[in-house]
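Novice: Quick one: the structure is below, questions incoming.
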Amino acid sequence: MNRLLLEARELSGLEAATAVLLAAAFLIFFVQLFRRSRNLPLFAARAAATLLGILLLTGPSIVLRRPARPPVAMVLDSSASMAVEDADQESSRAKAAAAAVGLRMPLLNRVARPVLFQAGNGLHRIEDPGEAKPRDALSDFSTLDSLSSDVPGLKGIFFISDGRLGGGRDPLPLLAARGIPVYAIGVGDLAVHPDLAVDFVHASPFAFKNTESKVAVRLRLRGLPPGNTSLTVVEGGKVVGRTTASWNKEEVLEVSVPFLPSRTGLETFRLAAAPVAGENNLRNNSVSFTVDVARDRRRILYICGRPGPHYAFLRQQIKSDPTCELISFVILRNAENLLTVPDRELSLIPFPDQAKLLGGLSDFDAVLFEDFSFNRFGIGTPGMEALRRFVEKGGGFLIAGEGSSFAPSSPYHGSPMEPLIPFFLDRPPVPAPTNFRAAPLLPDLPLTALDEGESWSTLPTIIGDGWFPAALRPGAVPILGAAVDGAARPWAASLRTGKGRVMAVAELTTWRWALGGATGPYARFWSRALSWLVGGEESSRLRLELPPDGAAPGQETVVRAFGRDETGKPLSGAEIKLGIVDGDGRRRELPMDPVGDGEYAASVLFNAPGEIRLTARARRGGRSAGETTGLLQVGRSWDESRDVSPDFAFLSEMSRSSGGRFTPLSGFNDAWVSKNLEEISWETDRRIPLAGPWTIVLLLGLLLAEWTFRRWRGHP
């Protein structure tokens, strides 16, 4: 059956006020006129003219509507919280929602044109309600706003969800402005869900292998009787820490868990709380955290072919570093030096054989060879193969010698180590000055950075043998060099190979920097070089800790930086600036305040979503103390599993603001669906305006008739 409706256009404030004043003025005038003259025809004519004038202002029309099958969207929440099994349900929320929608589909297909979707951190078309699996870590309800473009002529949205919003933009203003009613169906039990959640973990970003460290844990308890749980720290499937947490009525419990890192490197640990009786959400019982685990000391093997100042200074530099453990050999007597004294009567330590020397390479972080001819000491091709494997698996290797040693006559030419050396060894060396100043060949290279007031041009000169290596291999990075025939030629270079790193230095007089009053530059260069060889650049002394699940727009977010000094101790007394580059390219800078134990923090407000680049720069005593960069995603995934209780109030407000209705799953029946579809199942068939040109003609005719009648009857 068709419907007949009367519609009027919406009046502006001025038009509405004019119509009201016009009607009131004419009503008063007509009443006075009728009381004086009792002339009904005249009164009727003027009243009709007034009504026609108001009709022109309001522009009403008669609308004919007919029933239709409206296109509607059936959207099922597929986020993590829908996997919860409530006490009043025999299955998960997702399965209960899919079953309820499946029961309503015959009615929907008969009286509407439903299109099925699942919504998590995106919106995806599905063919069957059972396809909506709770896979996504969050739910972004603002994606419902795009349904109008996905479903042409969309008349309504039926949204089945527990209301647990995980992230994204606020959907309420978006859906209210869209003007498409949302009929929300709430899934889940509103009763308090017993739950134990690992709410927060905090560990020092640095730790040492086989040395006890601690992680601070904050537990959130809800609806649980007094009890206890076991907290474990897991590293690569192995439990490396354990403790027990007990509670009475605390809603928040803080515990410290000791653990013993067993591997070096950037390791990810998992803090897990054992499930408690009555819990129906185990997704929030564990949290991962990352720690940079180093050896208690970096182990370095240093072999020097002949004693000299380079070995003496560099050996002392390494031994004075509390983070390093040095094993060194210097060749004082070669095999061809014949002596009449038996070896057992010599005080010299014999050089170890190949098996002992290279069999223990895995115990070291870096190997240094200075002017060392390995083949003279029984280390043949198998030994060099072992050294090559050591480097490719992540070890560091430094080869130092005069420029002429990087030539075809080099003992490493033709060996398995040759492809790992940054300089070509199959080419004759090129002539070079014997006295020159070192110059950095790449700008902003951490290895060659000097402090304020220092300059490479003022450092003591290098005394060489008059030769430089001929050329760099592809992929090698030049570090230091000097001018030869107007061109810069490198004499120090680096090369990454496999997981390891190699550095070659073709001069043996950098010790002159220390004698010339430049002890600082000498110590920093070699400290950084050794740190780079073992995979720990200077910049890694400063590290950013960012929220692992991103940040929310419009909310304060704490960004932390952790630093350590050149001795490995927590960085104190530093000034750290946090540079921020927003998604739109805008730059700003904030100071980071010291918190203690090498930790610094800043509270940052991000107004808009996007990828944010953060750079922390530290200075102490006028010198650089480290720099690090990180990326933070704002306006995206944070884990909604931290709280899985349904939020029916939010769903109800979403429905109200968009012009729809809300019901819990128990009220989602055929009668409720039919009632809501009845409101949106009509299409306009014809619209007949009541105001138009003929209205103006009739108005003028009435005014003319009224004027003629007054004149005929002698009225003014």
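The values are calculated or read from the model by the stated rules, or taken from the named source; none is laboratory data. Please read all numbers here as calculations on a predicted model, not as lab measurements. Reconstructed Cβ throughout: ideal geometry from the backbone, glycine too, with neighbour counts over all protein chains shown.
Novice: Test of understanding: among 227, 237, 308, 223, which residue is in contact (Cβ under 8 Å) with a residue 60 or more places away in the chain and surrounded by fewer than 19 Cβ atoms within 10 Å (Cβ to Cβ)?
Specialist: So the residue among 227, 237, 308, 223 that is in contact (Cβ under 8 Å) with a residue 60 or more places away in the chain and surrounded by fewer than 19 Cβ atoms within 10 Å (Cβ to Cβ) is 308.
Novice: Just to confirm my filter: which strands (runs of 3 or more DSSP E) fall fully inside the range 179-240 and include at least 1 residues that are at pLDDT 90 or above and in contact with a Pro (Cβ under 6 Å, 6 or more places away or on another chain)?
Specialist: Hits in the range 179-240: 182-186, 213-222.
So that you can scan it fast, the table gives a plain yes or no per residue for (1) surrounded by fewer than 20 Cβ atoms within 10 Å (Cβ to Cβ); (2) touching a strand residue (DSSP E or B) at 6+ places or on another chain (Cβ under 6 Å):
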site	(1), (2)
156	no, yes
176	yes, no
186	no, yes
200	yes, yes
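Novice: Of all residues in the range 595-623, count the ones that are under 24 Å from residue 204 (Cα atoms) and modelled with pLDDT of 85 or more.
Specialist: Within the range 595-623, residues that are under 24 Å from residue 204 (Cα atoms) and modelled with pLDDT of 85 or more number 16.
Novice: Conditions first: (1) assigned to a strand (DSSP E or B); (2) in contact with a strand residue (DSSP E or B) (Cβ under 7 Å, 6 or more places away or on another chain); (3) at pLDDT below 90. Residue 483 passes all but one, so which condition is the exception?
Specialist: Single failed check for residue 483: (2).
Novice: Can you find, within the range 255-273, the residue that is nearest to residue 401 (Cα to Cα) among those that are part of a loop (DSSP other than H, G, I, E, B) and of a type outside the set (A, V, I, L, M, F, W, C)?
Specialist: Result: 264.
Novice: Is it the case, given these coordinates, that residue 551 is modelled with pLDDT under 90 and surrounded by fewer than 21 Cβ atoms within 10 Å (Cβ to Cβ)?
Specialist: Judged against the criteria, residue 551 is not a match.
Novice: If a residue has to be among the charged types (D, E, K, R), free of Cβ contacts under 8 Å to residues at least 40 places away in the same chain and closer than 26 Å to residue 407 by Cα to count, how many in the range 440-493 make the cut?
Specialist: Final tally of qualifying residues: 1.
Novice: Is there a residue in the range 274-286 that is surrounded by fewer than 20 Cβ atoms within 10 Å (Cβ to Cβ) and part of a strand (DSSP E or B)?
Specialist: yes
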